[in-house]
Amino acid sequence: MQIIAVAARKGGVGKTTLVTHLSVASWQAGLRTKVIDLDPQTTASEWADARGDDAPDVISAQSNRLSKILEAIREDTDIVYLDTPPAAGDAGAAAIEAANLVLIPCRIQAADLAAVLRSYDSARGQDRRAVVVFNDESPQRRKSIVDETNTVLAMKGIETAPVVIHSRIAYGESQDQGRTVLETDPNSVAADEMRQLYTWVTKQLNQKGAKAEKSASKK
Ligand SMILES: Nc1ncnc2c1ncn2[C@@H]1O[C@H](COP(=O)(O)OP(=O)(O)OP(=O)(O)O)[C@@H](O)[C@H]1O
Ligand SMILES: [Mg+2]
């Protein structure tokens with residue numbers, strides 16, 4: 001079972017948006033997918049309520065239950081996404097500790113980048129691979145700004161994902177309906193960039209083809 005934590009100490013940077021979209025991408029790829037919602041705001045759980053019975057399962061939990069829950073789902077789960085609250089604290093630390101890979105969403109803004117450094121340091125302190133994912137990026141902004149930010153972060157030893165998620169109203173609109181753009185508008189550029197991010201993430205986990213085949217053969 002692969003475990004992806006999505007963590008950032010700053011609020012509203014796209015943690016839950018990445019969790020909902022990447023988890024649906026996993027599920028659509030045939031992986032047995034779960035989400036554990038460690039955020040007391042329960043945004044991912046409310047998204048699941050709006051979804052009804054459709055996968056992925058979202059489990060709302062407190063961080064002190066995380067390891068027990070992961071043990072309980074290990075046998076019948078290929079991939080699990082951990083959504084975390086926007087604060088330094090037990091939930092973020094427990095999620096990072098459990099994870100194979102930590103994704104840190106961030107907007108290209110000074111305040112967000114400062115917060116990223118703190119989240120990144122937590123992951124590195126816990127000896128986990130962490131990758132910054134630029135989110136909510138203006139499609140109008142010059143690409144050179146992204147490149148320059150990448151360079152600045154790379155100089156600090158911070159890894160960034162090569163796929164940038166742009167600012168698109170469709171992400172929030174689909175989420176409000178308990179869906180993702182992968183379902184409401186699968187041929188859109190929004191869906192395409194989330195699929196690209198998913199493909200990149202699964203390559204990092206080195207599990208893409210094998211796990212999808214494994215779960216398909218169990219059906
Ligand atoms: N790429 C994007 N384009 C447009 N809107 C976005 C994008 N990413 C996130 N949003 C919107 O920004 C708001 C915050 O996003 P989200 O809930 O994913 O952030 P979060 O980091 O989980 O927040 P919190 O820290 O409160 O849990 C939501 O309304 C969401 O729809
Ligand atoms: Mg959230």
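The values are calculated or read from the model by the stated rules, or taken from the named source; none is laboratory data. Predicted, not measured: the structure shown is a model, and the values here were computed from it. Ideal geometry is used to build each Cβ from the backbone, glycine not excepted, and the neighbour counts take in all protein chains shown. Keep in mind that these areas ignore ligands, DNA and RNA; they rest on the heavy atoms of the full protein, side chains included. Shrake-Rupley method; radii C 1.70, N 1.55, O 1.52, S 1.80 Å.
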When a/c reaches 1.5 or more, the comparison of a/b and b/c decides; with that in mind, is segment 19-85 rounded, prolate or oblate per its Cα gyration tensor? oblate
Using a simple spin-label model with points 7 Å from Cα along the Cα→Cβ vector, what separation in nm is obtained for ARG142 and GLN28? 3.4
Quick one: net charge of SER188's neighbours, Cβ under 14 Å, K/R +1, D/E -1? -2
Rounded to the nearest 10 Å², what accessible area does ARG128 show when all protein chains are kept and the probe is 1.4 Å? 70
Which percent of the Cα-Cα distances in the chain go past 24 Å? 38
Just report the Cα centroid separation between segment 32-82 and segment 135-166, whole Å. 30
Value of relative contact order over segment 1-154, rounded to a whole percent, pairs C-alpha under 8 Å and six or more apart: 33
Taking all protein chains together and a probe of 1.4 Å, list GLU183, GLU137, GLU75, GLU46 from the most accessible to the least accessible. GLU75, GLU46, GLU183, GLU137
What does the accessible area per residue of segment 2-209 come to in Å², with a 1.4 Å probe and no ligands, DNA or RNA counted? 44
Just going by the charge dipole of segment 2-209, with Lys and Arg at +1 and Asp and Glu at -1 on Cβ, which of THR160, GLN175, SER45 is farthest out on the positive end? THR160
Cα gyration tensor shape of segment 119-195, rounded if a/c is under 1.5, else prolate or oblate by comparing a/b with b/c: oblate
Sketch the reach of a paramagnetic label on TRP200 as a point 7 Å from Cα along Cα-to-Cβ, and name the residues of segment 86-116 whose backbone nitrogen lies under 18 Å away. 101-109, 113, 116
Share of segment 2-209's accessible area from carbon and sulfur, percent, 1.4 Å? 47
Around GLY125, what is the net charge, scoring Lys/Arg as +1 and Asp/Glu as -1 over all other residues with Cβ under 12 Å from its Cβ? 0
Residues with beta-carbon under 9 Å from that of GLY14, excluding GLY14: net charge, scoring Lys, Arg +1 and Asp, Glu -1? +1
MET155, MET194, ranked by accessible area, largest first (probe 1.4 Å): MET155, MET194
